[in-house]
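Reading through the structure tokens given below for one structure.
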Amino acid sequence: MCAKASMLLQNVPPALLVRFLREHRSEWADPGIDAYSVASLRANPYTVPGLRAGGFMGNQVILPLARTLEHEESLEVIRLEGHGFSHEEVLMSRDMFLLQLCSGVDEDAPGACAQLVFAPIDESFADDAPLLPSGFRVIPLDAKTDVPTATTRTLDLASALEVGSGGSGMRASCDGSGTCATRSVLTIAFQFSFENHLRESVAAMAKQYVRGVMASVQRVAMAIAPSRLGSRIELKHPPGSPEALALATWIGRSYRAHTGTEIRWSDTEGADSPLMLFWKHSDAILCCSLKPPAFTLKFANSAGFDILETTMVNIQDLPLEAVLDEEGQKALSAQLPAIMQQGLAYLPGGVCRSSMGRQASYEQAVAWKVVGDDGAPQCLALMLANWTFI
């Protein structure tokens, strides 16, 4: 059984996306599905397939086998280290293995198709045994400046079973100046073996899994798109909504009320509003909702978006606990009562993690309660001073 899905990508280099998927499997893969795929190679596969929250959680080790420079292909074995928690998993081998083929990850070769194909293997696998591959393929689309935007088509993001990939004839869209956005088509396909009496269960599992993978890949694609990285030029001007201006005003005013001093804004040149002072400050300032235990991020200044490596759209999908490390979470939790009562607390330096998994260190953190014009709490501000990627 094969579950397929396709989506249109804009300004996402195929090589960069595939390389990230290869190096960060934990960002999109479900360990329960990997375990089911490996178990299907054996005489007694799992009887009840399904998505699992735990089991076989461990490191990914890439063991290179061969590389063809002419075609920029690499063949490798992926060892998924970990251990099982259920009775069935304990009976299985401690490690799982995938045979993986990766190609087109050289960014210096524009227009090339990039793909990542893998299949479960087992130590008892015969040399001539058929493989059950799954994977990703990203195909760039030729840019045509003479095609109006109205004629472009988008791909159906919904996953289906046993359907072919579409997208032939798609072209890049252009704006009025003739500048074209690069586009590509991502197609994913996952194959599952099944017993006849489990066909419907496996089909439901496959559809659910593919939708989850597509959602994860979409978040990754939006985060690594050069348009996001290059948006620092565009985002020299912060969002001009009244809400953003009000929030920036409350942040500065609340800090002054709690400390008796102004924030030492790092860049005051040309900053004609509280929003510009907030936006251009070199320390990362993150704003999150006051709804424990899961503090959800709401907004940030430019440095905050840089350290999070995310966009204005995706920041609201990030809980603060996914950004701070364990020590940082403990420090904030310990000071939270003082913050709510006294308004502000100083926290020790530490390490945080971006949406892309990159670590950044900061020398000190300051957390304070932000109140609105009516004195009601609006959010929690967290300033990470002198941060840098590790």
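The values are calculated or read from the model by the stated rules, or taken from the named source; none is laboratory data. Not measured: the values here are computed from a predicted model. Here the Cβ is made from the backbone with ideal geometry for all residues, glycine too, and neighbour counts use every protein chain on show.
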inquiry  = Suppose the filter is modelled with pLDDT of 70 or more, surrounded by fewer than 17 Cβ atoms within 10 Å (Cβ to Cβ), of a type outside the set (Lys, Arg) and under 15 Å from LEU116 (Cα atoms); does GLU73 pass it?
reply    = yes
request  = Scan region 301-359 for residues that are assigned to a helix (DSSP H, G or I), without any contact (Cβ under 8 Å) to a residue 60 or more places away in the chain, buried (at least 17 other Cβ atoms within 10 Å of the Cβ) and hydroxyl-bearing (Ser, Thr, Tyr) and jot them down.
outcome  = none
query = in contact with a Leu (Cβ under 9 Å, 6 or more places away or on another chain), under 22 Å from ILE251 (Cα atoms) and aromatic (Phe, Trp, Tyr): does that describe TYR346?
reply = no
query = Would a scan of region 370-378 turn up a residue that is out of contact with any Phe, Trp or Tyr (no Cβ under 9 Å at 6 or more places or on another chain) and closer than 22 Å to ARG219 by Cβ?
reply = no
task = Read through the list (1) over 16 Å from TRP250 (Cβ atoms); (2) more than 25 Å from the chain's Cα centre (by Cα), then give the number of the only condition that ARG358 fails.
result = (2)
